[in-house]
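Everything below concerns the one structure shown next.
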Amino acid sequence: MTFEEAWTAVAHVQGWMTEEQGRSLYDAAASCPPGGLIVEIGSFHGRSTIVLASACPADATVIAIDPHAGTDRGPQEIVGFESEADQDHVRFNRHLADAGVGEKVRHVRMFSDAALAEIDGVIDVLYVDGAHRYAPARADIVSYGNRVSNGGTMLIHDSFSSVGVTLAIVRELVLSTRWEYGGRSRSLATYRAVPEVARVGNASRQLAQLGWFVKNVVVKILLTAGAGTLLRRLGRPEPEWPY
């Protein structure tokens, strides 16, 4: 399936992934070696899952980890959506089936810390978009990142946008000797596992994103405080929630 076909297939699927970010995921999955393993943490309704499964080799395995528990669903939807959990699960499965990739994806309906034991072998492509609080984000980056093969790819959504995810990146990746920063598409950052990292340049490229991070935090604070409503009343466009 081409990227254009995959993007058409997810046009109606709710999620927080731009077309450019989708292209980054597609290219990463397409680079997965034959028989390789792709792991996604945080699937929601399957928008990113479909893109990954559409691009990977036919004999590759895609594991989608999402408890569909009504927590960490999206912006400002951290808890309190337990009643929507089962419907999220139904929609996820239906969207994968409609896109023709249902049989290529193994869904692990567990929280990521528990799901790690359900995954065998090394990971070739890792997409992290789970809980955005510092502790679970850091745990995903460390525990799953340690399973990524040399030369493998790790993509992290809400990088330099979410406070928790950004703090986890600063703690674990800015001075990493293994993970080389490859750039970002808005909040989707790409890292490559390499034998040796030029630490100063690698750290500088990541720290240079902190200005964009501060801007995103300010926008989120203003929107949470009701600035969007005020702007609409003044006939001005409401800023988009950063993602």
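In table form, for the structure just shown:
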item	result
Among (1) crowded, with 20+ Cβ neighbours inside 10 Å; (2) in contact (Cβ under 8 Å) with a residue 60 or more places away in the chain, the one test that residue 193 misses	(2)
Leading residue by the ranking (surrounded by the fewest Cβ atoms within 10 Å (Cβ to Cβ)) among those in region 10-40 that are in a loop (DSSP other than H, G, I, E, B) and aliphatic (A, V, I, L, M)	11
Filtered residue count, region 31-60, keeping only those that are of a type in the set (A, V, I, L, M, F, W, C) and more than 14 Å from the chain's Cα centre (by Cα)	7
Residue in region 136-145 that is of a type in the set (Lys, Arg) and under 18 Å from residue 66 (Cβ atoms) present	no
Top-ranked residue of region 150-177 - restricted to ones that are in a strand (DSSP E or B) and touching a residue at least 60 places away in the same chain (Cβ under 8 Å), ranked as farthest from residue 127 (Cα to Cα)	153
Single residue of region 208-243 satisfying the filter (closer than 30 Å to residue 179 by Cα and either touching a strand residue (DSSP E or B) at 6+ places or on another chain (Cβ under 8 Å) or surrounded by fewer than 14 Cβ atoms within 10 Å (Cβ to Cβ) (or both)) that is modelled with the lowest pLDDT	218
Residue match in region 117-139 (condition: farther than 23 Å from residue 8 by Cα, modelled with pLDDT of 95 or more, among the hydrophobic types (A, V, I, L, M, F, W, C) and part of a loop (DSSP other than H, G, I, E, B))	yes
Test: residue in region 59-81 that is part of a helix (DSSP H, G or I) and either more than 20 Å from residue 149 (Cα to Cα) or at pLDDT below 95 (or both)	no
Candidate set from region 90-106 (those that are over 17 Å from residue 56 (Cα atoms), touching a residue at least 40 places away in the same chain (Cβ under 8 Å) and among the charged types (D, E, K, R)); member that is surrounded by the most Cβ atoms within 10 Å (Cβ to Cβ)	91
Selection count, region 157-187, where residues are within 15 Å of the chain's Cα centre (by Cα) and more than 14 Å from residue 137 (Cβ to Cβ)	4
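The values are calculated or read from the model by the stated rules, or taken from the named source; none is laboratory data. Remember, it's a predicted structure, so these values are computed and weren't measured experimentally. Cβ: placed from backbone, ideal geometry, glycine included. Neighbour counts: every protein chain shown.
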